[in-house]
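Below is one structure, written out as structure tokens; comments come after it.
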Amino acid sequence: MPSVVNIAAYKFAALDDLQGRKQHFLELSAAHGLRGTIMLSVEGINLVVAGERAGIDVLMDAVRAVPGLAEIEVKESFSDAQPFDRMLVKIKPEIIAFGVKGIDPLEHTSPRISATELKAWLDEGRAFTLLDTRNNFEVEAGTFDGAVPIGVDNFRDLPAAVEALPEDVRQRMRDQPVVTFCTGGIRCEKAAPFLEQAEYGEVYQLDGGILKYFEEVGGAHYHGDCFVFDQRVALDPSLEAVHKETAAEAQAADQPDESSDR
């Protein structure tokens, strides 16, 4: 069995002492050979980290000891090799850059739909709009059948991209439920409330994103793979790495503010 544990997790919570927490996480990571990215902000934490099980457990014990982060949920996958070159801990204004006033997941998030619920909706052919909030190059790796790509190269462009959608798509989004999805759920924490604010009505977010969908129901109704921001490049519905030969391309495409987005 592959020995490297890859984790992805985020949680919105009011955090303080960011410099102190940054130093603590850097020291723990160095002591246990962990690599990846941790983003800290006054609005929470967002991390993708890989290493041996013992070190990962130590890190997550430390994360859960922070007030407000005890209930953080973690998604896991496994690999034969370390997919990150180094360990970074960054302090940012937002743990996922969006920059729209009035969108605060600490105050409001949209209702969640589980992977099994989404599969049931797709199985029965229910009328709704499935909106892919990821970047264009991620969508090219794979997406749900019938999903509408938002059409952005950077998540911060989503508000303008919504307005640029064809009028028939926007009308459908007003008339029918909308389900947003991304890699691991964090982008939808802001995208879905934005759609509500823009008066698109019945809006849901896929809980845990594509990765949790793969984990719970496999690849049903999904075409292709799921791009991830590390040297594995993409994961298939069994959460196995694919396209390893294009790792250099993934590094080139990596965007600092979204490199730990899941």
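Within the stretch 78-125, work out how many residues are more than 26 Å from Q23 (Cα to Cα), of a type in the set (D, E, K, R) and within 17 Å of the chain's Cα centre (by Cα).
2
Search the stretch 140-161 for residues that are assigned by TED's automatic domain parsing to the domain that holds D236 and within 22 Å of L235 (Cβ to Cβ) and pair each with any residue that is part of a loop (DSSP other than H, G, I, E, B) and among the acidic types (D, E) when their beta-carbon atoms are under 6 Å apart and the residues are at least 6 apart or on different chains.
A141/D225; G142/D225
Check A247 against each of (1) closer than 18 Å to K75 by Cβ; (2) modelled with pLDDT under 95; (3) aliphatic (A, V, I, L, M) and name the one condition it does not meet.
Going through (1) closer than 18 Å to K75 by Cβ; (2) modelled with pLDDT under 95; (3) aliphatic (A, V, I, L, M) one by one, A247 breaks only (1).
For the stretch 202-225, which positions are in a helix (DSSP H, G or I), at negative phi and not aromatic (F, W, Y)?
Selection gives I210, L211, K212, E215, E216, V217.
From the residues in the stretch 228-237 that are buried (at least 23 other Cβ atoms within 10 Å of the Cβ) and not in a loop (DSSP other than H, G, I, E, B), which one is modelled with the highest pLDDT?
Filtering first and then ranking leaves L235.
Among (1) of a type in the set (D, E, K, R); (2) surrounded by fewer than 18 Cβ atoms within 10 Å (Cβ to Cβ); (3) over 24 Å from P83 (Cβ atoms), where does D207 come up short?
All conditions are met except number (2).
Hey, F194 hits all of (1) more than 30 Å from D16 (Cβ to Cβ); (2) out of contact with any Lys or Arg (no Cβ under 8 Å at 6 or more places or on another chain); (3) outside any loop (DSSP other than H, G, I, E, B) but one; which does it fall short on?
So the condition that F194 fails would be (1).
Return yes or no: is L118 in contact with a helix residue (DSSP H, G or I) (Cβ under 6 Å, 6 or more places away or on another chain), more than 21 Å from R232 (Cβ to Cβ), outside any loop (DSSP other than H, G, I, E, B) and modelled with pLDDT of 95 or more?
no
Which of the residues belonging to the stretch 62-108 are under 19 Å from P159 (Cα atoms) and in contact with a Phe, Trp or Tyr (Cβ under 8 Å, 6 or more places away or on another chain)?
I95, I96, A97, F98, V100, I103, P105
The values are calculated or read from the model by the stated rules, or taken from the named source; none is laboratory data. It should be emphasised that the depicted structure is a prediction, and the values quoted were computed from it without experimental measurement. All Cβ positions, glycine included, derive from the backbone under ideal geometry; neighbour counts span all protein chains shown.
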